[in-house]
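Colleague: The structure's right below; bear with me while I get my questions together.
Since every read-out is calculated from the coordinates, none of them should be taken as a lab result. This structure is a prediction, so every number in the text was calculated from the model and none was measured. Cβ: placed from backbone, ideal geometry, glycine included. Neighbour counts: every protein chain shown.
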Amino acid sequence: MMKNKRLDMVLRIATGAVLSAAGAILLINLSVLNAGGAGIAPLTGAVPQTTVDTETTTSNSVVCPGSFAVLGLDPSSPDTVTPTGKPEIYTSEQLFADTTISSTPLAQPERIATEFEQPTVTLTTTGENQVAAAATQKIAIETVSGQTALSCSEAFNDQWIVAGSTTMGHTGMISLNNPGLVPATVNLTVHDETGKKDARASSGILIAPKSQRIVSLAGFGAGKESTVVRVESSGSPVVASMSLTEIRDLTPTGAEQINSQAEPTQTLVFAGIVNFAEHVHSAEDADQADEYPATLRLLATTESVSDDWDKDSIGTSATAVIVGLTTKGEEIELAAVNLTPGVVKDTQIKILPETVEAIVVRSQLPVVGGIKTATHSSSDHDFTWYAPSSIYGAGETMPVAAAAEAVPVIVNLSEEKATVTVTSGSAEKQKVQEVEVAPQATKKLAKGVTVSVVSEGEISAGMVIFNQKTLASYPVLKPRESLSQLTVFPR
């Protein structure tokens with residue numbers, strides 16, 4: 001089958017070509033009328049209006065990370081970031097005809113030791129089809145070692161990053177990317193195991209158009225075991241992610257990047273779950289706790305409670321049930337977690353069966369969440385943080401950009417068996433196959449093959465890169481919904 005298209009990151013950009021992440025921009029002049037004022041004549045007759053078809057005028061943009069940023073490599077300047085290595089970017093462009101991708105680099109962040117070998121870029125797609133993209137990087141230097149992966153993501157005005165710690169040996173770098181044409185003002189709010197922290201020190205971070213800023217998680221205070229960062233922006237939406245490294249007894253034990261999630265929901269899906277240690281459980285010790293248990297991190301919020309939930313009955317806590325799904329359709333209850341809104345809760349999944357390939361969180365309250373797993377093999381160690389994958393409805397097309405070593409894991413969330421249509425190859429020479437997925441079950445697809453997926457029922461998907469020595473993951477993300485038509489009322 002055709003290998004994924006890798007973008008050569010020596011970017012050749014046509015002189016004078018300016019691509020907007022939002023496509024067309026409509027400027028609407030609003031008049032504010034004082035309802036109680038005098039002298040304002042009421043409108044009579046038909047109100048003039050114009051309907052704009054946005055489906056044919058908009059483009060689609062995502063931001064892909066540049067070289068992995070490492071803090072403190074230079075002892076003489078511990079707050080300086082050093083770009084390390086060069087990621088590879090994969091897209092699903094080849095699946096669709098009449099679809100092209102162009103690249104625009106973002107300006108370098110402040111306080112970097114050297115130029116990025118590969119800058120952070122905005123990928124803009126033209127055409128009717130949604131194109132997915134992902135970036136991976138292998139890092140092996142004296143103080144940082146591991147495999148990283150990240151879905152290239154759209155910009156949002158409100159998002160959450162669930163990962164990280166500011167305890168000894170942990171480093172987290174928050175990347176804030178503004179692909180837009182106007183400045184963005186960003187406020188960061190951190191929650192931890194004790195609740196919401198004072199956000200005054202991280203308010204009003206200004207990010208120029210088409211540029212990025214990098215903020216250290218340690219700036220929010222040391223000793224935080226469990227962090228969740230909310231990123232709110234005004235002026236222009238931003239793309240936020242976090243780069244993580246760990247070191248233990250002077251030995252690097254992993255690196256990873258994690259996507260943000262757009263909003264709290266009552267159902268979270270984590271696909272492609274792997275947690276590996278060299279001494280796996282046998283049939284005789286199936287009830288023995290994992291030596292390095294997976295950790296689920298959740299934060300409940302009351303800000304997005306569904307209409308059918310009685311806020312008065314929430315009280316001081318709510319419950320989330322965590323289940324594991326397998327290829328056979330088994331639903332294995334892993335934990336039940338009591339959550340206090342505003343307080344981060346870490347839960348160790350003490351026994352995670354090898355057959356579990358996806359984890360689903362079902363919560364009474366809207367939550368954001370992440371799952372940390374690891375691989376430990378002799379002297380090799382690595383970890384990953386899973387961000388939740390999007391849920392696609394029946395008939396919706398899911399493009400999946402597969403990195404060379406990544407395995408797509410499909411999750412059927414419906415109560416009935418689903419027929420999933422998987423398209424691979426190229427627009428000129430497509431290969432189409434139908435795959436049956438049991439109810440509430442998982443299905444692995446071919447490693448390293450970029451596909452387009454359509455299902456009869458609700459599905460989700462995640463990607464995992466695993467070879468016992470290294471581990472990384474990234475979610476399959478759905479583009480944010482947009483109106484197909486806008487109605488403009490002139491003055």
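Colleague: For GLU93, GLU333, what's the fewest-to-most ordering of other Cβ within 10 Å of each Cβ?
Modeller: By the 10 Å Cβ count, ascending, the order reads GLU333, GLU93.
Colleague: With the crude spin-label approximation of a point 7 Å out along Cα→Cβ, what separation in nm comes out for THR126 versus ILE332?
Modeller: A separation of 5.0 nm, rounded to one decimal place.
Colleague: Between GLU263 and ALA446, what is the FRET efficiency for a Förster distance of 30 Å, r being their Cβ-Cβ separation, to the nearest 0.05?
Modeller: According to the calculation, E is roughly 0.40.
Colleague: Also, quick follow-up: Where the centre of each part is set by its Cα atoms, how far does segment 370-412 sit from segment 151-212, in angstrom?
Modeller: Between the Cα centres of segment 370-412 and segment 151-212 lies a distance of 23 Å.
Colleague: While we're on this one: If I stretch the segment between ALA97 and VAL435 completely, what's the gain in nm (0.36 nm per residue apart, minus their alpha carbon distance), one decimal?
Modeller: 119.3 nm is the gain from fully extending ALA97 to VAL435.
Colleague: So what are the ³J(HN,Hα) numbers for segment 142-147, from phi and the Karplus equation (6.51, -1.76, 1.60; θ = phi - 60°), rounded to whole Hz, Gly and Pro as x?
Modeller: Coupling constants for segment 142-147: 4, 10, 9, 8, x, 9 Hz.
Colleague: Return the FRET efficiency for the residue pair TYR292, LEU250: r is the Cβ-Cβ distance, R0 is 25 Å, and the value is rounded to the nearest 0.05.
Modeller: Values: r = 19 Å, r/R0 = 0.78.
Calculated value: 0.80.
Colleague: What full-extension length gain, to one decimal in nm, is calculated for ALA394 and THR319 as 0.36 nm per residue of separation minus the Cα-Cα distance? Intermediate results must be reported in sequence, preceding the final value.
Modeller: Details: separation 75, 0.36 × 75 = 27.00 nm, distance 2.86 nm.
Between ALA394 and THR319, full extension yields an extra 24.1 nm.
Colleague: Something else now. On a full-extension model of 0.36 nm per residue, what is the gain between GLU354 and SER203, subtracting their alpha-carbon distance, rounded to one decimal in nm? Intermediate values should be presented prior to the final figure.
Modeller: Values: separation 151, 0.36 × 151 = 54.36 nm, distance 4.35 nm.
Roughly 50.0 nm would be gained on extension.
Colleague: From the square roots a ≥ b ≥ c of the eigenvalues of the alpha-carbon gyration tensor of segment 337-491, which class results: rounded (a/c under 1.5), prolate (a/b over b/c), or oblate?
Modeller: Working: a/c = 1.70, a/b = 1.17, b/c = 1.46.
Because a/c hits 1.5 or more and a/b fails to exceed b/c, segment 337-491 counts as oblate.
Colleague: How do the peptides 135-147, 427-439 rank, highest first, by the average count of neighbouring beta carbon atoms within 10 Å per residue?
Modeller: For the peptides 135-147, 427-439, the packing ranking is 135-147, 427-439.
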